[in-house]
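Contents: one structure, followed by commentary.
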């Protein structure tokens, strides 16, 4: 096997894409580039965009399908993200971000001019706009800034049979749902109920008998580095977030803190 073949074996998809779009005959390889994009993860495409000069970056961005733009935008560093968003209309941006996780939408909106943020919020449904406004209250580097509001909560009086019927009615659970949360009538956090406990316990038992209360929820104003440290120390998949009055307002999953953990290790 020759040395060129050896080097290609170890080439990352993003490196190959960068070489193709910077090549002298880029116009003749546009179809090849589009085929490459189909098979690449959003993080690989984001890396390619960040590595290209502005002219080539703009060309590559124009070749990405709108259904994929949201995930890619969310992966970009702040500088490149804002450079691309500046060229996108408000209506198009709404379509791009509508399927993103709440924390990803909040991260994007926090860096936009207030007028554009308000335009986007006013075009959203009342429910989505309310959720995002609540999350925008908290700094980006806090538990409140990291959290999602895709939480499932139940009352302590409910039997496991009722809980299981409720979960089945959801059709699909939010990503990284390893536990659901127990709240009072006023939505104050009381404890958590692991999915594993629901599956192996008697359906006639009620939530109060099985819920776990030893682990304290995360305060919304807790710093992101402290959140990341707690996730590492406890091997958490998810954790509840409460406001200053102990009302359950969201949850953080391991996906939300991975970047914080990596950044902390680099420092």
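Nothing in this text is a laboratory measurement; each read-out follows from the coordinates by a stated rule. Given the structure is predicted, the values throughout are model-derived calculations rather than measurements. Cβ sites come from the backbone with ideal geometry, for glycine too, and all protein chains shown count toward neighbours.
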Percent of beta bridges antiparallel (DSSP, the chain, rounded to nearest 5): 80
Percentage relative contact order, the chain, counting C-alpha pairs under 8 Å, at least six apart: 14
Theoretical ellipticity at 222 nm over the chain - DSSP helices of four or more residues, -39500 (n - 2.57) apiece, nearest 500: -15500 deg cm²/dmol
Bins of 5 Å, starting at 0 and running to the largest distance - Cα pair percent for segment 153-266: 2, 11, 21, 21, 20, 12, 8, 3, 1, 0
Computed label-point distance, nm, for sites residue 258 and residue 235 using a 7 Å Cα→Cβ extension: 1.9
Cα-based shape type of segment 146-202, given that a ≥ b ≥ c are square roots of the gyration tensor eigenvalues and the cut on a/c is 1.5: oblate
Segment 188-241: relative contact order in percent, alpha carbon pairs under 8 Å with at least 6 residues between: 35
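So if I average 1/r over every pair of distinct C-alpha atoms in the chain and take the inverse, what Kirkwood radius in Å does that give? If you can, show how the numbers build up before the last one.
On the way: mean 1/r = 0.0476 Å⁻¹.
So the Kirkwood estimate lands at 21.0 Å.
Sorting check: for 174-180, 250-256, 61-67, which peptide has the highest mean count of neighbouring beta carbons within 10 Å, and how do the rest follow? Don't skip to the answer; put the middle values down first.
Values: 174-180: 17.9, 250-256: 22.7, 61-67: 12.0.
The peptides rank, most packed first, as 250-256, 174-180, 61-67.
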Rough spin-label spacing in nm, given labels placed 7 Å along Cα→Cβ, for residue 128 and residue 43: 2.6
Antiparallel bridge percentage (DSSP; both residues within segment 109-267; nearest 5): 80
Approximate spin-label separation residue 79-residue 31, in nm, with each point projected 7 Å along Cα-to-Cβ: 3.7
Burial order of peptide ranges 185-195, 125-135 (average beta-carbon count within 10 Å, highest first): 185-195, 125-135
Ellipsoid equivalent to segment 180-239 - semi-axes via the Cα gyration tensor, in Å: 25, 15, 7
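Estimate the FRET efficiency between residue 161 and residue 214 by the formula 1/(1 + (r/R0)^6), using the beta-carbon distance for r and 35 Å for R0, to the nearest 0.05.
On the way: r = 25 Å, r/R0 = 0.72.
Using R0 = 35 Å, I get an efficiency of 0.90.
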Net length gained if the chain between residue 114 and residue 56 were fully extended (0.36 nm per residue, minus Cα distance): 17.9 nm
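Can you bin segment 12-138 into rounded, prolate or oblate? Criterion: square roots of the alpha carbon gyration tensor eigenvalues sorted a ≥ b ≥ c, rounded for a/c under 1.5, prolate for a/b above b/c, oblate for the rest.
Working: a/c = 2.44, a/b = 2.34, b/c = 1.04.
Judged from the Cα gyration tensor, segment 12-138 comes out prolate (a/c at least 1.5, a/b above b/c).
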